[in-house]
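The values are calculated or read from the model by the stated rules, or taken from the named source; none is laboratory data. All of these numbers come straight from a predicted model, not from anything done at the bench. Backbone-built Cβ (ideal geometry, glycine too); neighbour counts: all protein chains shown. For accessibility, only protein heavy atoms count, side chains too; no ligands or nucleic acids. Shrake-Rupley method; radii C 1.70, N 1.55, O 1.52, S 1.80 Å.
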Amino acid sequence: MHYVGIDLGGTNIAAGILDENLKLIKKGSTPTNVDRHYTEIIKDMALLVLRLLDEIGLTVQDVPYIGIGSPGVCNREKGILLYSCNLKFDNVPMREEMQKTIPLPVYLENDANCAALAEGLVGAARDVEDSITITLGTGIGGGIILGGQIFTGFNGMAGEIGHTVIVQGGEKCTCGRDGCWEAYASATALIRQTRRAAQEDPSSVIHRLV
């Protein structure tokens with residue numbers, strides 16, 4: 001038995017194949033190119049999985065289902081990504097699109113929740129029942145594990161700590177609000193801040209380098 005997990009990020013799509021002991025045996029990635037239509041992005045997700053399986057001599061018949069971790073708010077029952085500001089996805093039928101290429105059961109969950117669950121199963125939090133995991137990338141996410149289970153809250157967004165406002169009237173965030181933590185500490189924010197600093201000081205070393 002082998003398992004497939006996909007991490008859909010704002011910059012890259014990553015996929016991994018695990019054995020029955022949850023040991024990662026193969027991984028790969030491909031650029032998300034987020035400005036494309038969602039059908040093209042999801043097709044690339046499926047093709048990445050098929051390529052990785054082929055490289056280790058497996059087929060979809062060796063996999064019982066596929067798990068997808070995506071930024072944003074998910075309808076887990078229907079496999080729909082309701083909203084993701086970093087991906088610009090709105091009511092995207094992830095499961096349905098994925099199954100057009102790979103006819104397997106598909107499970108969808110917030111990416112930070114997946115990371116938190118993984119840390120609880122085989123990572124830094126495996127010896128505790130309650131933990132919080134913070135993910136840093138294109139955005140900032142958070143996952144909460146209580147009693148060994150993902151805690152989603154009443155609206156499925158309990159772990160979305162990246163959109164906690166830390167500066168009143170601060171930097172504009174991709175979610176539409178001002179002053180979110182994500183607008184200051186994500187990779188996207190750090191790139192923006194570095195670019196701004198270089199432009200404001202043409203004599204700086206970083207300005208000369210870039």
If R195 meets every condition in (1) at pLDDT 95 or above; (2) out of contact with any strand residue (DSSP E or B) (no Cβ under 8 Å at 6 or more places or on another chain); (3) closer than 25 Å to N12 by Cα apart from one, which number is that one?
(1)
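Could you check how many residues of the range 1-49 are among the basic types (K, R) and in contact with a strand residue (DSSP E or B) (Cβ under 7 Å, 6 or more places away or on another chain)? Step through it out loud before you land on a result.
The first filter runs over the range 1-49 and keeps only residues among the basic types (K, R), leaving 23, 26-27, 36, 43.
Then drop every residue that is not in contact with a strand residue (DSSP E or B) (Cβ under 7 Å, 6 or more places away or on another chain), which leaves 26-27.
Result for the range 1-49: 2.
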Go through (1) part of a strand (DSSP E or B); (2) over 30 Å from D127 (Cβ atoms) for R196 and report which single condition fails.
(1)
Give me a count of the residues in the range 63-81 that are part of a strand (DSSP E or B), more than 22 Å from G16 (Cα to Cα) and at pLDDT 95 or above.
0
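Can you go through T39, T32 and tell me which one is open to solvent by less than 60 Å² (accessible area, probe 1.4 Å), over 22 Å from C175 (Cα atoms), touching a residue at least 12 places away in the same chain (Cβ under 8 Å) and polar (S, T, N, Q)? Reasoning before the result, please.
Working: T32 fails: over 22 Å from C175 (Cα atoms).
Unique residue meeting the criteria: T39.
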Identity of the residue in the range 160-188, modelled with pLDDT of 95 or more and of a type in the set (A, V, I, L, M, F, W, C), that ends up farthest from A115 (Cα to Cα)
V167
What are the residues in the range 3-23 that are over 24 Å from S186 (Cα atoms), open to solvent by 40 Å² or more (accessible area, probe 1.4 Å) and modelled with pLDDT of 95 or more, if any?
Y3, L18
Could you list, in sequence order, all residues of the range 110-127 that are surrounded by fewer than 22 Cβ atoms within 10 Å (Cβ to Cβ) and of a type outside the set (A, V, I, L, M)?
E119, G123, R126, D127
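Quick check: anything in the range 43-60 open to solvent by 70 Å² or more (accessible area, probe 1.4 Å) and among the β-branched types (V, I, T)?
Residues of the range 43-60 that are open to solvent by 70 Å² or more (accessible area, probe 1.4 Å), as a first pass: 43, 47, 51, 54-55.
Now narrow it down to the ones that are among the β-branched types (V, I, T): none.
There is no residue in the range 43-60 that is open to solvent by 70 Å² or more (accessible area, probe 1.4 Å) and among the β-branched types (V, I, T).
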Pairs only if they're at least six apart or on different chains, beta carbon under 7 angstrom, first in the range 109-125 and over 12 Å from G67 (Cα atoms), second in a helix (DSSP H, G or I) and open to solvent by 50 Å² or more (accessible area, probe 1.4 Å); list them, first residue then second.
A125/E119
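Need a quick list: strands (runs of 3 or more DSSP E) entirely within the range 1-55 having at least 1 residues that are aromatic (F, W, Y). So that I can check it myself, show each step before the final result.
On the way: elements: 3-8, 12-18, 24-31.
Those strands (runs of 3 or more DSSP E) span 3-8.
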Identify all residues within the range 145-185 that are open to solvent by 40 Å² or more (accessible area, probe 1.4 Å) and assigned to a strand (DSSP E or B); write none if there are none.
L146, Q149, I150, V165, K172, D178
Which number in (1) in contact (Cβ under 8 Å) with a residue 40 or more places away in the chain; (2) surrounded by fewer than 18 Cβ atoms within 10 Å (Cβ to Cβ) marks the one condition that T138 misses?
(2)
Which number in (1) of a type outside the set (S, T, Y); (2) part of a loop (DSSP other than H, G, I, E, B); (3) over 19 Å from E160 (Cβ atoms); (4) touching a residue at least 24 places away in the same chain (Cβ under 8 Å) marks the one condition that L87 misses?
(3)
